[in-house]
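The values are calculated or read from the model by the stated rules, or taken from the named source; none is laboratory data. Just so it is clear, the structure is predicted and the values come from calculations on it, not from any experiment. Because the Cβ atoms are built from the backbone with ideal geometry, glycine has one as well, and the counts that use them run over all protein chains shown.
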Ligand code: DGY
């Protein structure tokens, strides 16, 4: 029997590649930098399955031009880089990596909460630049995190994990979500609010919703204007949820105190982006899930779902289960 042909769009953990090699032939973009779009498109034309990362824009034309494609396995919890409706229309399974990166990403969100509120990066630069002359009563003073009100936008797995950490800091937790979550409220002691209330009441606002048509530009000029002048905005979800131009204005004019960003609407963040000029924003290069253990588990999870989908089994993390609803399929 012919072995399925897989394209792997990035150099990933060796364990994940061995898993694929057991039952598939594969070609790989063996590089730490993203594969050029044209090469990805050409490779997809020949492939039965593709393992992608969040930097690969898998648009409708790539999917439509890949006649043998059965599965796209995306090494990320988010899948806004893939045209899901086209994949579903063509019967192509799409998988992601939920759950395993929850705590690693929540750790980083909390690190950003502390860094931005307490001006850690600015303080470190100040010291390294030889600017530290003496202890001063108001030198590099920031905002308290302990006991502050934390507003979580999107109380899913990562938002809830951030809330659990916030409980240890005696924070007052409010959240907004598409649906009110009574179970999470009971477990986390979180209070439901609408977006307006959340923005005006929170000392720290942390974004954990996916990027969708509804959430694109969710935090723009008016939303930032509702925040307290002492408030801190954290985004570890997707850059597109925040209007970066409006955020730049709010930070530059000190209409909010600070921001901590791990994600951007264009990644890598172009070096001429004005955010680089501001001292009150902490910028990270999308490292939310970047622990060695978690990135290895993500690669293995992506590979095993890819193999499942190509060997007649049900991938565990299917984001468009409607494509297999009429197919008798074994659980993986
Ligand atoms: C995800 O998985 O969506 C994260 O952003 C990757 O770090």
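Of the residues 72, 39, 20, 82, the single one that is away from the ligand (no atom under 16 Å from the Cβ) and surrounded by 24 or more Cβ atoms within 10 Å (Cβ to Cβ) is 20. With respect to residue 296, is the statement that it is in contact with a helix residue (DSSP H, G or I) (Cβ under 9 Å, 6 or more places away or on another chain), more than 25 Å from residue 226 (Cα to Cα), at pLDDT 95 or above and within 16 Å of the ligand (Cβ to nearest atom) true? Judged against the criteria, residue 296 is a match. None of 87, 77, 61 is surrounded by 19 or more Cβ atoms within 10 Å (Cβ to Cβ) and either away from the ligand (no atom under 16 Å from the Cβ) or not in a loop (DSSP other than H, G, I, E, B) (or both) except 87. On inspection, residue 316 passes the criterion of being over 21 Å from residue 207 (Cβ atoms) and either within 16 Å of the ligand (Cβ to nearest atom) or in the same structural domain as residue 159 (by TED's automatic domain parsing) (or both).
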